Amino acid sequence: MGSRGVPDAARALGGGDAAGSRRAPALGARREPRHRHGRPRRVAARVAAVARRCRRARHLLAPHRGARAPHPLAQPRTVAHQGAARAPVGGRRARRYTARVIHAFDLAFPGRPARTHVRAGRGALVALGAAVRATTGARRVALVTDARVDALWGDVARRVLARAGVACVTLRVPRGEAAKRPAHLAALWEALAAADLGRRDAVVALGGGAVGDLAGLAAATWLRGVPWIAAPTTLLAQADAALGGKTAVDLGAGKNLAGAFHQPAAVLADPEALVTLPDRALRAGLAEVVKKGMAVDAALFRWLERHAAALAARRADALEGAVARALRAKARVVRADEREREGGPRTALNFGHTLGHALEAALGYRRLLHGEAVALGMRAAAALSERAAGLPARDRARLEALLDVFALPRRMPPLPLAALVAAMARDKKRGARGVRWVLTPRIGHASVPRPVDGRLVRAALLEAGARATRVRT
């Protein structure tokens, strides 16, 4: 154990030694992160194929307004951070970009002074140190991240924190959904104790949605609550998970069953972090943006249709616009219903999650990413909405077309119907009358969760790819 006991605590989290700001290696010492450009030719062919199949999606064949050549992600770019060294991220020759945040707003809650400062745009991560000082007053933070994100963006975070006079201890947790286990939460508590994190200190979550869930819950429970800041690095986390205060871990019985509401002091969504995101993870994040458009914001859904080709091709400006619009859509809902009260507006954001969470649990949180499971859940919920809530067939076709353009799965792995129904029975939205679904009568307007006739549910699940078994639904 080191002088502070931090290295041993970090090893207990399964992520190796802890790294403090003093020992952060130079940025130039690491290899350039790899990224993919979305394969524009393949994207164009996919958009054309979907548009030919669906009359309502033919507008997707139109060129994106304001399109520029060459592809932005094919251009070299650098990560700039308050005068420190620059780390090349792509291209043969690095160039500096102007760090700027062009989308900024505060999420305030009626009746209390707490608020979340939201900043989305290129350069948002540069503001991490200033955000810690301004929103929490802390001069010391625990930076919770995973090994991969730490290798890509940890040095940037540590340097900007140091520039703002904020001391930092880095605690690494496992990657992905595997981090959201009670054992890892307990190990993180021990690491916070070893680091002697006090009530005047703060937690920073640097990573995807799983890291944010775990770090946020640790902050909510450590010393009965310390402030935390979300610095999301995946599209799913930037557009959805980082904002709203939901923190949780998974149990064997189901997803997100043990958690707390604990609003972050700030959310800093920097699209530069998406450059290193694999294609599959980016597509999964787009599913959550589509969900917001389908459930609560018809204007966002129409915007996604107009910019579908640019998003599928990983256009940086389109991704930045999608994140900003999704965050504003969610902020409107969270402001009206912070704690997701029974029948409140926030329950609409569970569109696609009844089946989505059940799929993740039934598959052991391994085969599907969260966004992929939500996409399958939205397809099933749209089928049920058409049969039970009056969703027009053309609106369902528009949803299916948009998900197809983003190459999100159409059919689930062949799970037994009984296993799916059993997993859905443990859903948080279940009521006295059984499993409840969030349905939508039209794009942009989801209903409160309600029971659905078992025969319709069975038909929708079989259509989605479940294996037929005899079961009561």
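We did not get these values from a lab; they are worked out from the coordinates using the rules stated. Quantities reported herein were computed from a predicted structural model and do not represent experimental measurements. Every residue, glycine as well, gets a Cβ built from its backbone with ideal geometry; the counts of neighbours run over all protein chains shown.
When each of the peptides 233-244, 195-206 is scored by the mean number of other C-beta atoms lying within 10 Å of its residues, the order from highest to lowest reads 233-244, 195-206. Take every Cα pair under 8 Å whose residues are at least 6 apart in sequence, average their separation, divide by the length of segment 377-449, and the relative contact order is 37 percent. Summing +1 for each Lys or Arg and -1 for each Asp or Glu among the other residues whose beta-carbon sits under 11 angstrom from that of THR233 gives -3. Give the shape of segment 110-259 as rounded, prolate or oblate, defined through the alpha-carbon gyration tensor: a ≥ b ≥ c are the square roots of its eigenvalues, a/c under 1.5 means rounded, and otherwise the shape is prolate if a/b is larger than b/c and oblate if not. Rounded, since a/c falls under 1.5. When the P(r) of segment 224-378 is calculated, the portion above 21 Å amounts to 45% of the C-alpha pairs.
Show me the three semi-axes of the equivalent ellipsoid for segment 312-394, from the C-alpha gyration tensor (sqrt of 5 times each eigenvalue), largest first, rounded to whole Å.
22, 20, 16
Residues TRP189, TRP153, TRP303 in ascending order of nearby Cβ atoms (within 10 Å, fewest first): TRP189, TRP303, TRP153.
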